[in-house]
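Q: Can you keep this structure in mind? I'll have questions shortly.
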Amino acid sequence: MMAMAVILSFLFPLVGTLILAFSAGRLGPRASATVGVGSVGLAALATLWAVLTHTGGSQGVTLWNWISVGDFQPTIGLAVDGLTLVMMSVITGVGFLIHLFAAWYMTGEAGITRFYAWMNLFVFSMLLLVLGDNLLLLFLGWEGVGLCSYGLIGYYYQNSANGQAAFKAFVVTRIGDVFLALGLFLIFMELGTLDIATILARAPELWEPGSTTANLAALLVLGGALGKSAQVPLHTWLPDAMAGPTPVSALIHAATMVTAGVYLIARLNGLFLLAPDVMLLVGVIGAASLLLAAFAALAQTDIKRVLAYSTMSQIGYMFLALGVGAFDAAIFHLVTHAFFKALLFLSAGAVIISCHHEQDMGKLGGLWRKLPVAYGGFIVGGAALVALPLVTAGFFSKDEILWQAMAADQTGLLIVGLLGAVLTGLYTVRLILGTFHGEPGSDHARHPEPGTNVFTHHLPLVVLAVLSTFIGAWIYPGLGELFPQAPGETTDSGHTLLQVLAMGAAIAGLALAGWLFLMRRQWLDDIARKGAGARLWTLWHHAWGFDALFDRVLVRPWQWSVRMLRFDFINMIMNLPAVVARVFNAGLVRAQNGRTRSYALVMVFGATLILVALALAPGGGA
Amino acid sequence: MILVWLILIPFLGGLLSWQAERWSEHAPRWIALGTMLFVLVISIFLWLTGDFSLPVDGNSQWLLEWRAPWIPRFGIEIHLALDGLSLILVALTGFLGTLAVLCSWREIVQRVGFFHLNLLFILGGVVGVFLALDLFLFFLFWEMMLVPMYFLIALWGHSGSPGQTRIRAATRFFIYTQASGLLMLVAILALVFVHFSNTGELSFSYDALRGTDVPEPLAFWLMLGFFVAFAVKLPVVPFHGWLPDAHAQAPTAGSVDLAGILLKTAAYGIIRFALPLFPEQSEAFAPVAMTLGLVGIIYGAVLACGQQDIKRLIAYTSISHMGFVLIALYSGSELAIQGAIILMVAHAFSSAGLFILSGQLYERIHSRDMRVMGGLWSRIPVLPGFTLCFVAASLGMPITANFVGEFMILFGTFPGAPVVVVIASVGLVLAAIYSLLLMQRVHYGPEYRTGPLKGPDAREYGMMLTLLALTIAVGLYPQPLLDTTAAVSAPIAELFTGGADLAARAGEVN
């Protein structure tokens, strides 16, 4: 029964994609939306069915043998356990709400069929990613979501900048994917299998904890996770990815695809536990991304870019949790983050459409009365993002992460996490104030057209808002027994202190933000406008200059070598014989000029040369 | 006898369609189409009825064999044989031949009969290469592919970029392959004479020459003679100079055949002749061959990014992809060699798809220059979507056959040569760059000119859909192909590790 449900869950989006792709413009916008939204809705129902019929443990079904050569036996096989079901629920559940909202958001856009075809294909690929029982099938989904992300970032393809952004996203994540692929080669060579369950069973038997092989394998897999999950240093694509339609940002670049790296590491937890150094690196990278992105979020003017950096920052929290061995906490935050970040993005989408595609905070403002639904979404989602104590989902998951960091004695990571919480408060308040309060910055913001459709506009926002409150934290099943013991499970000392600290950090952030942005606005603006403050603003605005660095170190040398090699110098060298032949040809042609005088001259010259040679030769002469 | 017919049918069909031009303009096309479909049907029939399991000791490795004396004085026979690998390649020839005829349906309007004569003669020569076991006969077919290809480029080719005429491209193609073929001929003759002085028997037979005991420095040079001939055709950098020009200037059908089949004759030649005839020398040469493969992967990819001519771009990507094949063939891993065969088939599909698409673009906007493209997504229905699919295949997206091939190669090569695999993996990123660059320049961005262009008709749509369906089918279930060629790949892989295995076994016995 469950196998059937699981297979249906990804077949529906696949069929949806095929219908949309082969309709070739024969489907109208309404029909396209119905197919696109409906297929994901059915997938969500199938997932619900799978959840209800799941009887615990890991259940598998092999569809067919993909490749079979010697030991190399990857299958098209699915494995379903609690983690898979949680991921599937997020993908299809949140995915359905976002698809539904997209029906409102994309009204009147050209190429709506293409939009839904990509979106459905994305859901299909993402489901395969979490369902695959072996790493090669996981890799299939992994690359598939990357391609869909490419297609959707470049959705408005006529603007070259969007194409560039899509290109960048694909290539940067592909660099990570290559690391993952190398990890797969290494794992297969060492363990002789790609089946995830077998890997997790065999690795501890064959590898010493902390051995080079274990570290290398974990490091390579981590490389893949960094690319997809937009963590330092492979994060530069995410802010640019906001070029896609906002529902795409909500689904792919906030709720699901970018968390694939978190899923991957949690899935391969046994592998990472054998590599303590790499585990620490995971935590450190998470902490670095968290801080770096939080500062960058402070200095953005585009509301979607604020949210993009905030996503990167929140995934940093998840990596931090993974790094201290708290896999359950990471997945918990993944789920709540999917709820509130989807809500924030969709609310942002509501604002953007209502204000005629205006997304610059400088040109928005004063919207809270006119767009109450979107404003509500921002307030609830923002509160969850800031982890407002007790009432929001974000509080419970973030608190869990910080507690695990504390229990693991990672004080450094804990402090970064707390600092990040303060910064989160700052940028969130700045975002909401800049968008909804103050004076409208443009005519678009003065006369917005609020969304009115109850079913496609209000419903997704309201459902996500409910899930962003403590209810969202409450429905999370808890996957503790699936993972190795987390550090926080063995001790309870200091938990209360930590909760006070975490609440304090969130509230301190809000208070600081209130004081800065409401009482000291003028002072703040002055600082940001000149001297060191302005330089800091520029630095943060460009997210610490990673783009410029990569541009200098990688992009320009690459372009230079492409330009240099364009004319194929190896081929030119190979053409030398032809050139030489042509020169001789020209010379000999000139010699055959038919004039007796020159023939005689050459003959005399040649005869002299021979005589001289004979005279000078050893044994010649006298 | 069926093997003889497989070769004869294209030649006879070629002559017939040449003469058929007198009846009507369309007659040569239909005859050529029927001919290639016939070849395809025969090979599929052989495939369905054949037994491709590993031969039990004493049984022949060949599924079908046919021999007749030809020039007995020199020990030259007409010796044809078919195993899993040649069967798959013959089927591929039939399939791509059909596509080549179909994609020239509108493109070729002058000397239609003679065009199809040349096209079918190429294909007949290719089938001959895949079936011939006598080395003299093999050389004959090897050379026979060249002449009609020369005419195809020279007579029906596109005018090239400034300073590059199609005659020049054709001449360069001819000189490169002819010169390298000469090296192979010398190597073949030397091998035959060594065999003669060893045994007193003059023979060009594959089976007889295989065990020949060639003294050492000579054996290496002979191996090199074969290798260079195949390296030019594959092509391996630095012998690739003929390929971009030939591709860019050839008519679509020529490009499809070149990329889809002619390049594969080289890989086939390495598997069938270079490796089994000189196993030890090849094993010693393997690091060099793999390095050349790496150079091809990277160099081809970098150059692909710098092209403005869409067909030249695709041509350079072929060099990159064939680098993977070369690495696999010299890896001594069954998994990698099986992967190479899959990649050969996959590359035939994806490059044929891209070349046919650029041909269809050319018919619409009369240019191959990507600077005058851009924004075509909104101007042409359906074709951009197909382009994206084949571009995804060419960058090795999973669910396409290219992914299966490339990853089997990398998985198989990694244990023996991890450094090679690490460098080759850089090629995966570069593949993403050049593939998406094509997409970017042609279909995305602002429209260079406005106005809608005609969508694909049923013929064009059908070709694309068939290629795409095959690419995905092989990508999701390559096992039928793998089972067919397993009996070929395993012995090839053992050529390299065979010595070690024997030593190990001997150790056990003692």
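The values are calculated or read from the model by the stated rules, or taken from the named source; none is laboratory data. On a predicted model such as this, the values are computed, not experimentally measured, just so you know. In this analysis, Cβ positions are derived from the backbone assuming ideal geometry, glycine residues included, and neighbour counts consider all displayed protein chains.
Q: What is the residue count in the stretch B:298-319 for residues that are outside any loop (DSSP other than H, G, I, E, B) and within 13 Å of chain A (Cβ to nearest Cβ)? Working first, answer last.
A: Keep residues of the stretch B:298-319 that are outside any loop (DSSP other than H, G, I, E, B), which gives B:298-305, B:309-319.
Of the ones still in play, those that are also within 13 Å of chain A (Cβ to nearest Cβ) are B:298-305, B:309, B:312-313, B:315-316, B:319.
Going through the stretch B:298-319 one residue at a time, the tally reaches 14.
Q: What number of residues within the stretch A:530-578 are more than 30 Å from A:Ala299 (Cα to Cα) and of a type in the set (Lys, Arg)?
A: Of the residues in that region, 2 qualify.
Q: If you don't mind, there's one more thing I want to ask. Pick from the stretch A:156-169 the residues that are among the hydrophobic types (A, V, I, L, M, F, W, C) and touching a residue at least 40 places away in the same chain (Cβ under 8 Å): which of them is surrounded by the fewest Cβ atoms within 10 Å (Cβ to Cβ)?
A: My answer is A:Ala161.
Q: While we're looking at this one, here's another question. Take the stretch B:378-393 and flag every residue that is more than 7 Å from chain A (Cβ to nearest Cβ) and in a loop (DSSP other than H, G, I, E, B).
A: Those that are more than 7 Å from chain A (Cβ to nearest Cβ) and in a loop (DSSP other than H, G, I, E, B): B:Arg379, B:Ile380.
Q: Right, another one. A:Thr17: in a helix (DSSP H, G or I), touching a residue at least 60 places away in the same chain (Cβ under 8 Å) and polar (S, T, N, Q), yes or no?
A: Values: in a helix (DSSP H, G or I): yes; touching a residue at least 60 places away in the same chain (Cβ under 8 Å): yes; polar (S, T, N, Q): yes.
When the stated conditions are applied, A:Thr17 passes them.
Q: Next up: Does the stretch B:81-92 contain any residue that is part of a strand (DSSP E or B), under 20 Å from the mean Cα position of the chain (by Cα) and either more than 26 Å from B:Ile342 (Cα to Cα) or of a type in the set (A, V, I, L, M, F, W, C) (or both)?
A: Yes - at least one qualifying residue is present in the stretch B:81-92.
Q: Considering only the stretch B:304-326, I want to know if a residue exists there that is in contact (Cβ under 8 Å) with a residue 12 or more places away in the chain, closer than 25 Å to A:Ser68 by Cβ and in contact with a Phe, Trp or Tyr (Cβ under 6 Å, 6 or more places away or on another chain).
A: no
Q: Right, something else. Suppose the filter is in contact with a Cys (Cβ under 8 Å, 6 or more places away or on another chain) and either exposed (fewer than 15 other Cβ atoms within 10 Å of the Cβ) or within 14 Å of chain B (Cβ to nearest Cβ) (or both); does A:Val555 pass it?
A: For A:Val555, the condition - in contact with a Cys (Cβ under 8 Å, 6 or more places away or on another chain) and either exposed (fewer than 15 other Cβ atoms within 10 Å of the Cβ) or within 14 Å of chain B (Cβ to nearest Cβ) (or both) - is not met.
Q: Check B:Glu460 against each of (1) more than 8 Å from chain A (Cβ to nearest Cβ); (2) under 20 Å from B:Ile342 (Cα atoms); (3) surrounded by 23 or more Cβ atoms within 10 Å (Cβ to Cβ) and name the one condition it does not meet.
A: (2)
Q: Filter the stretch A:455-510 for residues that are in a helix (DSSP H, G or I) and hydroxyl-bearing (Ser, Thr, Tyr); which is surrounded by the fewest Cβ atoms within 10 Å (Cβ to Cβ)?
A: So, considering only residues that are in a helix (DSSP H, G or I) and hydroxyl-bearing (Ser, Thr, Tyr), the one surrounded by the fewest Cβ atoms within 10 Å (Cβ to Cβ) is A:Thr496.
Q: Look at B:Gly113 and say whether it is part of a helix (DSSP H, G or I), touching an Asp or Glu at 6+ places or on another chain (Cβ under 6 Å) and more than 20 Å from B:Gly269 (Cβ to Cβ).
A: On the way: part of a helix (DSSP H, G or I): yes; touching an Asp or Glu at 6+ places or on another chain (Cβ under 6 Å): yes; more than 20 Å from B:Gly269 (Cβ to Cβ): yes.
Yes.
Q: Give just the number: which of (1) buried (at least 23 other Cβ atoms within 10 Å of the Cβ); (2) in contact with a Ser or Thr (Cβ under 6 Å, 6 or more places away or on another chain) does B:Leu146 not satisfy?
A: (1)
Q: OK, next. Looking only at the stretch B:26-55, how many residues end up being small (Gly, Ala, Ser) and under 19 Å from B:Asp83 (Cβ atoms)?
A: So the answer is 3.
Q: In this structure, is B:Gly157 touching a residue at least 60 places away in the same chain (Cβ under 8 Å) and surrounded by 19 or more Cβ atoms within 10 Å (Cβ to Cβ)?
A: Here the answer is yes, as B:Gly157 does meet what is asked.
Q: Would you check if there is a residue in the stretch B:321-339 being within 13 Å of chain A (Cβ to nearest Cβ), closer than 16 Å to B:Ile472 by Cβ and of a type in the set (Gly, Ala, Ser)?
A: No, every residue in the stretch B:321-339 fails to be within 13 Å of chain A (Cβ to nearest Cβ), closer than 16 Å to B:Ile472 by Cβ and of a type in the set (Gly, Ala, Ser).
Q: Among the residues of the stretch A:127-141, is any within 11 Å of another protein chain (Cβ to nearest Cβ) and farther than 21 Å from A:Ala260 by Cα?
A: No; the residues of the stretch A:127-141 include none that is within 11 Å of another protein chain (Cβ to nearest Cβ) and farther than 21 Å from A:Ala260 by Cα.
Q: Next question. Restricting attention to the stretch B:403-420, does a residue exist that is under 23 Å from B:Gly385 (Cβ atoms), of a type outside the set (Gly, Ala, Ser) and facing chain A (nearest Cβ under 10 Å)?
A: Narrowing the stretch B:403-420 to residues under 23 Å from B:Gly385 (Cβ atoms): B:403-404.
This time we only want the ones that are of a type outside the set (Gly, Ala, Ser), so: B:403-404.
This time we only want the ones that are facing chain A (nearest Cβ under 10 Å), so: B:403-404.
Checked the stretch B:403-420: at least one residue is under 23 Å from B:Gly385 (Cβ atoms), of a type outside the set (Gly, Ala, Ser) and facing chain A (nearest Cβ under 10 Å).
Q: Name the residues in the stretch A:20-29 that are surrounded by 16 or more Cβ atoms within 10 Å (Cβ to Cβ) and either without any contact (Cβ under 8 Å) to a residue 40 or more places away in the chain or within 15 Å of A:Asn120 (Cα to Cα) (or both), would you?
A: Of the stretch A:20-29, the ones surrounded by 16 or more Cβ atoms within 10 Å (Cβ to Cβ) are A:20-21, A:27, A:29.
Passing the criteria: A:Leu20, A:Ala21.
Q: Could you please find all residues in the stretch A:170-200 being within 11 Å of another protein chain (Cβ to nearest Cβ) and in contact with a strand residue (DSSP E or B) (Cβ under 6 Å, 6 or more places away or on another chain)?
A: Within the stretch A:170-200, A:Leu194 is the sole residue that qualifies.
Q: Sticking with this one: Report yes if some residue within the stretch B:277-300 is surrounded by fewer than 24 Cβ atoms within 10 Å (Cβ to Cβ) and under 24 Å from B:Cys103 (Cβ atoms); otherwise report no.
A: Checking the stretch B:277-300: not a single residue is surrounded by fewer than 24 Cβ atoms within 10 Å (Cβ to Cβ) and under 24 Å from B:Cys103 (Cβ atoms).
Q: If you take the residues of the stretch B:438-488 that are touching a strand residue (DSSP E or B) at 6+ places or on another chain (Cβ under 8 Å) and outside any loop (DSSP other than H, G, I, E, B), which of them is modelled with the lowest pLDDT?
A: Ranking the qualifying residues of the stretch B:438-488, first place goes to B:Ala486.
Q: So B:Ala469 clears everything in (1) more than 11 Å from every other protein chain (Cβ to nearest Cβ); (2) buried (at least 24 other Cβ atoms within 10 Å of the Cβ) except one condition, right? Which one?
A: Of (1) more than 11 Å from every other protein chain (Cβ to nearest Cβ); (2) buried (at least 24 other Cβ atoms within 10 Å of the Cβ), only one is false for B:Ala469: (2).
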